[in-house]
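The numbers here are math on the coordinates, done by the rules we state, and not lab data. Please read these numbers as outputs of a predicted model, since none were measured by experiment. Cβ coordinates were reconstructed from backbone atoms using ideal geometry, including for glycine residues, and neighbour counts include every protein chain displayed.
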Amino acid sequence: MTHSLVPLAAGVFAWLAESPSLSATNSGVVIAEDGVTVIDAGAAPSCATSLAAAVAELTPTPVRRLVLTGSHIDLVGGASAFPMAGIFGSGQTSDHLDQPANPEVWKRMHPSLASEYDELPARPVSHVVAEAAHLCPASIAVPARGPQFENLVVQVPAANVVFTGSVASFGSVPLGFEADFATWSTQLETIAGYGELFVPAHGPIGGVEELDELRQYLDACVRAAGDLSNLASGPWMSWQNQQFHEINVERAHMLAQGDPSPPPSMLRLLGLG
């Protein structure tokens, strides 16, 4: 998985996957006098090792903070590559990372990384972020509702950059099996006011237009009322990971009916149903 470190502003970089996929996620890097902040760790140690090496070539300043924007394995799997960093995450992410691992599920979702999941070193959250908080003078971690009930985004106000992590995917259908789609859509409207450049977990850097397209997709999932054939046409029909449409439409309808359980289509994807 090839990535490149792309400068966005002084001391602010995006670690971008050259061929984005579910297993090849983006990360962020913010360099401050007191240390480096990394946003998201990739899906496995091998994914993060090259990022750690690139940061070390860029600056002698150590990585002091690793922010996890969610608890899914594509964001947290490489955390062991930053052994000296404090781990910042939501309360939900902390709870999930304290639970027993399920490597068979990870292997099914990320088969190219399966060999790394048998003995994946755990990095629990050390700092729970329950409200907006400065990570350093340049960056702010902000709680957000996205594909999970508790996600985080990271603002760099002076650079007008926002690392949305899992809260946004551009050119890729998000996986919302835990999401409240209506609330997520409203959250994106708020996030649009946080900056001008948005670095998602999946896909290329975008702007307000890309956030709006994602919001329209989430709204379309709700309006489909549980019937995939009712999903309105839009740019999402050419996005990656088309198999997630069924999961998202089913989840949106189940939640509207008061059923918060995992969609059967998601369980089938994981080989559990």
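Helix 208-223 and the long axis of the chain differ in direction by around 30°, with both axes built from C-alpha atoms.
Counted by neighbouring Cβ atoms within 10 Å, the residues Leu272, Leu197 run from fewest to most as Leu272, Leu197. Based on alpha-carbon atoms, the Kirkwood radius and the radius of gyration of the range 81-222 give Rg/Rh equal to 0.97. Rounded to the nearest 10 degrees, the angle from helix 45-58 to the longest Cα principal axis of the chain is 40 degrees. Taking only the C-alpha atoms of the range 3-269, the Rg (one decimal) and the largest Cα-Cα distance, Dmax (whole number), read 17.4, 54 Å.
Which of rounded, prolate or oblate describes the range 70-118 when judged by the alpha-carbon gyration tensor and an a/c cut-off of 1.5?
Details: a/c = 2.26, a/b = 1.45, b/c = 1.56.
It comes out oblate by the Cα gyration axes.
Under 18 Å from a label point set 7 Å out along the Cα-to-Cβ vector of Ser261, the amide N atoms of the range 211-227 belong to 226. Beta bridges assigned by DSSP with both partners in the chain are antiparallel in approximately 65 percent of cases. In plain terms, the chain from Ala53 to Glu119 could stretch by 21.6 nm, reckoned as 0.36 nm per residue minus the Cα-Cα distance. Towards the positive end of the charge dipole of the range 3-269, with charges on Cβ (+1 Lys, Arg; -1 Asp, Glu), say which of Pro121, Val6, Ile205 has the farthest Cα. Value computed over the given set: Pro121.
Over the range 3-269, what is the relative contact order in whole percent, taking alpha-carbon pairs under 8 Å and six or more residues apart? Could you put the intermediate results ahead of the total?
Values: 593 pairs, mean separation 39.3, N = 267.
After rounding, I find 15 percent.
Roughly speaking, what is the stretch gain from Ala158 to Ala133, that is 0.36 nm per residue apart minus the C-alpha to C-alpha distance, in nm to one decimal? Let's see the in-between values first.
Working: separation 25, 0.36 × 25 = 9.00 nm, distance 1.57 nm.
Gain on stretching Ala158 to Ala133: 7.4 nm.
Of the residues Pro263, Pro235, Pro20, which exhibits the maximal mean-square fluctuation in a Gaussian network model of the chain defined by a 10 Å Cα contact cut-off? Evaluated over the chain, the most mobile residue of the options is Pro235. Label zone of Leu270 (point 7 Å out along Cα→Cβ, amide N under 14 Å): in the range 54-79 this covers 71-74.
For every helix of n ≥ 4 consecutive DSSP H residues, a contribution of -39,500 (n - 2.57) applies; sum these over the chain, divide by its total residues, and give [θ] at 222 nm rounded to the nearest 500 deg cm²/dmol. Walk me through the intermediate numbers first.
Numbers: 8 runs with 78 residues, N = 273.
Per the formula, -8500 deg cm²/dmol.
With neighbours defined as other Cβ atoms within 10 Å of a residue's Cβ, the residues Leu68, Leu255 order from fewest to most as Leu255, Leu68.
Taking the number of other C-beta atoms within 10 Å as the exposure measure, put Met84, Met237 in order starting with the fewest.
Least crowded to most crowded, the residues run Met84, Met237.
Each of Ser139, Leu58, Gln243 was scored by the projection of its Cα onto the charge dipole of the range 3-269, and the greatest displacement toward the positive side belongs to Leu58; charges sit on the C-beta of Lys, Arg, Asp and Glu.
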